[in-house]
1. Hey, can you rank 148-157, 127-136 by average C-beta count inside 10 Å, highest first?
2. By average Cβ neighbour count within 10 Å, what is the ranking of 165-171, 245-251 from highest down?
3. Kindly express, to the nearest 10 degrees and within the range 0 to 90, the angle between helix 190-206's C-alpha long axis and the longest C-alpha principal axis of the chain.
4. Which whole-number value in Å³ per residue fits the convex hull of the alpha carbons of segment 99-141?
5. Can you give me the C-alpha center-to-center distance between segment 1-66 and segment 237-292, rounded to a whole angstrom?
6. Sequence-distant or interchain residues sharing an amide H contact under 5 Å with residue 9, placed H: which?
7. Run the simple label-point estimate for residue 25 and residue 135 please: 7 Å along Cα→C-beta, distance reported in nm.
8. So how much slack lies between residue 7 and residue 61, counting 0.36 nm per residue of separation and subtracting their Cα-Cα distance, in nm?
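Each reported figure results from applying straightforward, stated rules to the coordinates on display, with no laboratory input. Computed from a predicted structure; not experimentally measured. Cβ: placed from backbone, ideal geometry, glycine included. Neighbour counts: every protein chain shown.
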Amino acid sequence: MTDDLRVVYESRNRRACADRALVLAAAQIPHQIVDDLSGCALVVPAEFSPRAIEELRLYDEENPPLRPQKPVQFVYQNAVPGIIAYIIAIVLFAWLSWGSAFNQDWLAAGRIDGALVRSGEWWRSITALTMHADLRHLIGNIVFGAFFGLLAGRLVGSGVAWLAVIAAAACGNLVNTLLLESAHRSIGASTAVFAALGLTAGFSWRAKLFAQDRWSTRVGPIVGGLALLMYTGTGGENTDIGAHLMGFVCGFAGGMLLTRARQRFGNAQLQNRSALVAVAALILAWIAAFGG
């Protein structure tokens, strides 16, 4: 190269200089990268300077710098009322069923029974969510249900969250029952627990609540939800893995659908009405279970 050189590009990032050096090389323009303490510079002979500048301008137009997306602005809702209502409900129903309240066999009337569900007793997909085999089973669902319910409630509000959880869990129970043999029987709120987890993952992913600049962060809610499902929902000989999985899947789908109404979750009337519908669904399911 001659001694008469011109600087056509400067940067603190040597990778940027190297990329542009490839552009000049492709255009058969003599060039050199000069490094110093502040960064690097791309120099060319003076007679090639106008052409080099034009080639680099075209390159920059075709490859604009990536601009990081602004974080999604999101208003989190009050999830505490839903958690309180959830704990009260499952403790109340456990007490009623364990004590055979009103001289009723709550277990026989409310558990998932594959043959009876197939014959049309759809309400069992809801009533089974309120029943527990023993105190350990109950405490486990209180702890995990409160945690995942808190996450879901923060996103969509207490009333909407628990109405969606009941709907998704009932759907999960029905699908799981129809996929298994008719002798299948189960009880427990764990399907609802994993529906709440699925709702959180589906909503977070669809609403893009995480940084979107890398594929790993885009799928983070899905991977995290599945990891928690595998870690907490597949242990124990009496664990109904299918119900947990179907609850998660239905909850995930519900979470994605709820993103369409995200601007309305701050509406107290919507939350209150959703909560009333959720409570009514539980009561009506049990009325149907007892032949009312």
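1. Values: 148-157: 25.3, 127-136: 19.9.
Ranked from most to least packed, the peptides come out as 148-157, 127-136.
2. 245-251, 165-171
3. The helix 190-206 is inclined about 30 degrees to the chain.
4. 79
5. 60
6. 42
7. Between residue 25 and residue 135, the label points sit 7.4 nm apart.
8. Full extension of this stretch gives 17.5 nm more.
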